[in-house]
Amino acid sequence: MGEKMAANRCGGTVFLFILIMLSTFVIAHSQDSTSNNGQHVSAVKTRQKPQETAEERTWEAIDVGENSPDKQESSAPVSEVPTAGPRWKDDFQEELVVRPLHSGDIYATFQFRTLWETDFMKGNKVSHYRLFPKSLGQVISKFSVRELHISLTQGYWRTMQWGQPYLPSPPGAEIWVWFQDWVTDVDGTWTELTNVLSGIFCASLNFIDSTNSVQPSASFKPLGIGNATDHRFLRYATLPREIVCTENLTPWKKLLPCGSNAGIAVLLNSEKLFHSSFHSQAVHIRPVCQDTHCKAMSWELRQTLNVVFDLHNSGQGKREWSLFKMFSRTLTEACPLASSSKVYVDVSDSAEGDKFELNPPTPLLSQEVVLGDRRTFAVYDLTQQSTFSTARSLNLLIRWKSNEGQMLRPLLHAERYVAGFGLQTGEIHTLMYNNHPYRSFPVLLLESVPWYFRLYVQTLTITSKGKTNSPSYIHYEPSKDRVRPHLLEMLVQLPPNSVTEVTVQFERALLKWTEYTPEPNHGFYIGSSVVSSLVPSIVTVDPNATQERPLFSSFFPSKEESSFFVRIYTEPLLVNLPTPDFSMPYNVICLTCTVVAVGYGSLYNLLTRTFQIEEPSPGLAKRIANVIRKMRGVPPL
């Protein structure tokens, strides 16, 4: 009876709650209809809700109003949005640059540029992303990032054989970030940022901490808007031992608006890209100007991928290349979301000496100043249907006619090695080559050495042509054991046609046995040196025409007409440290366990074993007699 009464009370309560909700809904609906009576309500207006933000109303107005025939009617709600809100205008461009090298190799550069006219730093909550990746946009907004540059490289760029790359990068992983000046805890933000990027790109960036991070004072200036000089908001770190594979390429391709399903990105075949001599993928985010007057700011995301295909490693017997041989795929269409999709082929050598043949030919030629030299490029516009053949496919073919080629000597080149013997002391030698015949220019050298290589800065020597060369600027931050690495920056003047050698001695430290890597006999890495300079240019560059230049020639800002900016990296160093015999603990454990087992086993056997006296067995006649006596009921003998 009590259960029935409780059920009736529960049912009455539920019915009363439903009745109250229905009445509230009817009253609200009637008020809404009364307030909108006599007003013109457009399609955009009817979809707005009271809790919508200005950014959401802006996107709805653009999404519906710009593409509808009633654009004039929809303009009224759009004008109500504050002018401080985002404009939601973005643009995507893609291009591929193919450069035949004198060694017979092929250098291919992919560049994808996403430009978004919005600002994450004005307090506007951006929740809709069209072309710009949402994961990177949230990173910029959450961690107050002004500039982000990250690269993952497999292999070493051979400057003396291949010349200067369009976008240089050191072997392994490199990341450097400029934070906004309102960030209070830069070190904490830097640690959280590297952990987040480690998950986005499936890399080991979570191993970056204070022991391998530095604050350069002059080597890394912002590449976007702003002339920041406070290096407290800059962090730089490298992981020379980082291995790059397909698990790093897959999330990189997912950041593209079309992925790898259309456009130039269809050539990004993992099997072919990693079967090469050099492979480097990078992501660069920076603020840029929207126009020449720089009254508004845009965010630029530039994804680059550089790859060098070796003639001998590919197994081909003749010097002939094509897109299908390089990538096992051909181009069929441009990315539908791209405003520009072009393929550039460097034909400067063919135009001068008729050294190779390019098929299919194109009448579009472009001359650009790249790295201080004027180059001629054959241009293929993928947005034009005339670019493709009747099979709707573009397969560029490069066939060499002559094997003779003159090796180009870059104006600036650097290399590094370790000297010395034993496992106590050593020397780091850095060689910088100025191959210009009559011009001298300064270079900025950055050295970041781990704390377990203790530098003797008093032994620093700089020599050029057998004479002592004094740096005009030097910045040194000593290391702290298990806290931070060494940082050495210096500005050195390189005489013309000379080799400048920088030498510094170091001492190897003894590590704790828990600080060694799983493979301690492999050695420990010292990151690549960074050499930055304004190299004299042979060809004059117009700094006002940078907005119309191709992507591969417009990354570094050019402010001087007679020089161009170059950043090169040396080889990472692999140095051995005093390493204990890690097999000795294993031997001691085995020997100790054997002794304990033998000794304890013998003692346990003696303490637990029981001894009994065994009586001799009677003879056969006596046993038979006992049986007979037992049958008679007589006691046995």
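Taking the Cβ-Cβ separation of Lys89 and Ser470 as r and a Förster radius of 41 Å, what is the calculated FRET efficiency to the nearest 0.05? Result of the calculation: an efficiency of 0.20. Rolling a 1.4 Å probe over the protein heavy atoms gives the stretch 124-272 an accessible area of 38 Å² per residue.
Simple spin-label estimate for Ala597 and Thr461 gives 5.9 nm between the two label positions (7 Å along the Cα-to-Cβ direction from each Cα). Taking Rh as the Kirkwood radius computed over C-alpha pairs, what is the Stokes-Einstein D of the stretch 130-245 at 20 °C in a medium of viscosity 1.002 mPa s, expressed in µm² per second? For the chosen part, D equals 141 µm²/s. Normalised per residue, the accessible area of the stretch 552-632 is 79 Å², obtained with a 1.4 Å probe and no contribution from ligands, DNA or RNA.
Please give the FRET efficiency for Tyr156 paired with Gln290, using the beta carbon to beta carbon distance and R0 = 41 Å, rounded to the nearest 0.05.
0.60
Using the Karplus relation 6.51 cos²θ - 1.76 cosθ + 1.60 with θ = phi - 60°, the per-residue 3J(HN,Hα) values for the stretch 462-474 come to 10, 10, 9, 6, x, 10, 6, 10, 8, x, 7, 8, 9 Hz, with x marking Gly and Pro.
Among the chymotrypsin sites (Phe, Trp or Tyr not before Pro) found in the stretch 447-551, those both in a DSSP coil and sparsely packed, with 15 or fewer other Cβ atoms within 10 Å of their Cβ, are Tyr516. Legend: residue pairs Lys254/Lys295; Lys89/Lys142; Lys253/Lys325, Cα-Cα distance threshold 24 Å; pairs beyond threshold, Lys254/Lys295.
The values are calculated or read from the model by the stated rules, or taken from the named source; none is laboratory data. Owing to the predicted nature of the structure, the values given are computational and were not obtained by experimental measurement. Heads up, the Cβs are rebuilt from the backbone with ideal geometry, glycines too, and the neighbour counts pull from every protein chain shown. Accessible surface areas use protein heavy atoms only, side chains included; no ligands, DNA or RNA. Shrake-Rupley method; radii C 1.70, N 1.55, O 1.52, S 1.80 Å.
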